[in-house]
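This report refers to the structure that appears directly beneath it.
The values are calculated or read from the model by the stated rules, or taken from the named source; none is laboratory data. Quantities reported herein were computed from a predicted structural model and do not represent experimental measurements. FYI the Cβ positions are ideal-geometry reconstructions off the backbone, even for glycines, and counts take in every protein chain you see. SASA here: full protein model, heavy atoms, side chains in, ligands and nucleic acids out. Shrake-Rupley method; radii C 1.70, N 1.55, O 1.52, S 1.80 Å.
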Amino acid sequence: MKIVYFSLTGQTRRFVKKLALSSYEINPANPFEEIHEPYILIVPTYDSEVTEVVNDFIDYKSNRTNLKGVAGGGNRNFADLYIYTAKDIARDYQTPLLFDFEFNGTTEDVENFKKVVSEIDIKANN
Ligand SMILES: Cc1cc2nc3c(=O)[nH]c(=O)nc-3n(C[C@H](O)[C@H](O)[C@H](O)COP(=O)(O)O)c2cc1C
């Protein structure tokens, strides 16, 4: 399972590097890249003007079909707005909200997220 992510200030990128899984970073200057394989999306939380490049990516060619779930990075100080970008994507694209973490994630977040990914891999192979 590939990890596709967006990162504005580098926190999500740091989380993804700690996973040590095959990954692709959405390029905000050109989000129109087809991935050709199943993936889990990880998005930080910002206003929709900032994250619309993620929608552009998902809407491109087969990327919508290959989207298997979404995880959200955020900051709990935002209270009800915590990880709303990932929640909006889960709702709009009818894909499961798999995981959430703050900033670049703790060691425990990394372990737990990797478990979520491997469970999806096992299901996909059965
Ligand atoms: C301007 C701004 C607005 C943000 N709004 C939210 C928010 O509404 N909800 C939330 O959970 N996190 C919010 N955050 C926190 C970021 O999503 C969080 O720090 C994330 O880890 C950043 O990831 P990145 O460095 O990969 O871009 C906001 C951060 C900034 C700078």
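Points worth noting:
- Hits in region 89-114 (condition: within 11 Å of the ligand (Cβ to nearest atom) and under 12 Å from the mean Cα position of the chain (by Cα)): Asp100, Phe101
- Looking only at residues of region 115-126 that are more than 15 Å from the chain's Cα centre (by Cα) and of a type in the set (A, V, I, L, M), we find that the one that is least open to solvent (accessible area, probe 1.4 Å) is Ala124.
- Region 68-77 - residue that is without any contact (Cβ under 8 Å) to a residue 60 or more places away in the chain and open to solvent by 30 Å² or more (accessible area, probe 1.4 Å) and, of those, nearest to Tyr46 (Cα to Cα): Asn75
- Residue selection: Glu108 satisfies the criterion of being acidic (Asp, Glu), modelled with pLDDT of 95 or more, part of a helix (DSSP H, G or I) and closer than 29 Å to Asn125 by Cα.
- Near pairs, Cβ below 6 angstrom, 6+ apart or cross-chain, from region 78-94 (open to solvent by less than 50 Å² (accessible area, probe 1.4 Å)) to any residue that is within 8 Å of the ligand (Cβ to nearest atom): Tyr82/Gly74; Tyr82/Arg76; Ile83/Thr45; Ile83/Gly72; Ile83/Gly74; Thr85/Thr45; Ala86/Gly72
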